[in-house]
Amino acid sequence: MKIAPVIIGIAAACAVALPFILKGAPSDSEAPAPVYIENLNEAITNDLSDIPELKAMDHSVDSFMNFWALKGVALAVTRNDSLVYAKGYGKADATTPMTPGTTMRLASVSKLLTAIGIMKLQEEGKVFLDTPVFGPFGVLKRFDPYIKDSNYYSMTVEHLLRHQGGFTSRGGDVMFSTLTFMRNYGLSEAPDAETLVRKQVSRRLAFVPGTWQEYSNFGYLLLSLVIEEVSGMPYEDYMQEHVFKPAGCTGFSIAGNYLKDRQKGESQYFMQPDSEPVPSYDGKLAEVEKCYGGNDITSLKGAGAWIGSAVELARLVSCINSRGAMEDILSDDSVRQMTTWYDDDTFSLGWVDTKPDGEWTRTGSFSGTSAIVKVYPDGECWVLISNTSAWRGSRFSKNTAHLCKKLRGRFSRLMPKRDMFQEQATVKS
């Protein structure tokens, strides 16, 4: 397998653009005040998606949901940064309809968000792709006293972004094996991030960083700590202030573990009818639904803890694509670094896959949710999130990707020429 070379970090000053200012707009002294949507998730509703020409698409989505026993699905479609379609299907809970602004757990789509945060910090000159993670010049050198394998000192930020850090999930993913971890180390409470990292880096790496790749949730937890260390802010706060707010998104937040932690506007999550209860992630409860307490989702941080809506996720992608009228929050060079294709066996930065023709994919799934982002070469982006575990588990991502491809082939030409982002900005101004 060919491993992509480490890209030399280049400090680039990045002027953070305000939402709804178009590319090529007049200078600040001439431009009108920017127009914000105070709450995009509430502004974009199902009422805006009543399009007779797309009723057949609704039937296709309904059929897909029935086949996979999904309670609810949210779909958003953009074309060259314009939101042309957004709709919720089914239920967010027993009585509440799903809307395009309903927030749901994004699972590993969170990794794309974390990668954006890293690229923002690179543009701010605070960290670079070739920055060491550990060692005397490393960002997380505070963990050096616990390291016994010198290969850790060759690990870079880019290695973590590309899942080339040397970590393995063989024998169990440490981020989804909290109870086993507690037993192995004699802990009475679930470990916080500091404890988890201290214990984990005392283990030998599975391979020398940069010589191979293996998907690693733990690697993206380390990236979350990198963001905290170099920004001087808690991970969530940095992402809110420097990523989501500049993109005009206010509905992203870190997920809770239990139903009682459900946030305003967030969907409920559902398992398949034949699913079995499991012990809670920390062993304190004998039986829980796996989607509510089976895993410590909050502690995943940038590896999988974010919740967000289909419509805001589509908007965020519109701000990192180097196309269309919307002002990007990343430079063209940062977008190029994130999406450059090396070969079929090399992960892109944050994206799970990018193609030479410009098709980009990010997926995520765990108990109770599945999410996919598909960006196509012609500038269309399809975002689909569901609130129900599928009986194919992580393999369900291929089925949602196939659905997006089928719907796009049949209905893309019927999508209205509109920009719901700008329509609602005008209404809310």
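All of the numbers you see were taken from the coordinates with simple rules; none came from a lab. Bear in mind the structure is a predicted one, so any value in this text is a computation, not a measurement. Here the Cβ is made from the backbone with ideal geometry for all residues, glycine too, and neighbour counts use every protein chain on show.
Could you count how many residues in the stretch 140-169 are surrounded by fewer than 16 Cβ atoms within 10 Å (Cβ to Cβ) and either in contact (Cβ under 8 Å) with a residue 40 or more places away in the chain or not charged (D, E, K, R) (or both)?
The total comes to 5.
Which residues, counting only those in the stretch 265-318, are among the small types (G, A, S) and under 25 Å from W382 (Cα atoms)?
G265, S267, G302, A303, G304, A305, G308, S309, A310, A314, S318
Could you look through the stretch 339-382, keep only residues that are over 30 Å from G294 (Cα atoms), free of Cβ contacts under 8 Å to residues at least 60 places away in the same chain and surrounded by 18 or more Cβ atoms within 10 Å (Cβ to Cβ), and pick out the one that is farthest from the chain's Cα centre (by Cα)?
That would be Y376.
Scan the helices (runs of 4 or more DSSP H) fully inside the stretch 177-239 and keep the ones with 2 or more residues being loosely packed, with under 15 Cβ neighbours inside 10 Å and of a type in the set (S, T, Y).
Helices (runs of 4 or more DSSP H) meeting the threshold: 178-185.
Please list, ordered by first then second residue, the pairs with beta carbon atoms under 9 Å, 6 or more apart or interchain, first in the stretch 312-328 and in contact (Cβ under 8 Å) with a residue 24 or more places away in the chain, second in a helix (DSSP H, G or I) and of a type in the set (K, R).
Taking only residues 6 or more apart or on different chains, the pairs are M326/R315.
For the stretch 94-111, give me the residue count where each residue is of a type in the set (S, T, N, Q), touching an Asp or Glu at 6+ places or on another chain (Cβ under 8 Å) and part of a loop (DSSP other than H, G, I, E, B).
1
Quick one: how many residues across the stretch 331-385 are hydroxyl-bearing (S, T, Y) and either within 19 Å of S110 (Cβ to Cβ) or in contact with a His (Cβ under 9 Å, 6 or more places away or on another chain) (or both)?
Residues that pass the stated criteria total 10.
This table checks each residue for (1) closer than 21 Å to T363 by Cβ; (2) buried (at least 24 other Cβ atoms within 10 Å of the Cβ); (3) more than 18 Å from the chain's Cα centre (by Cα).
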residue	(1), (2), (3)
Q268	no, no, yes
M271	yes, no, yes
D274	no, no, yes
V278	no, no, yes
L285	no, no, yes
V288	no, no, yes
V311	yes, yes, no
E327	no, no, yes
S334	no, yes, no
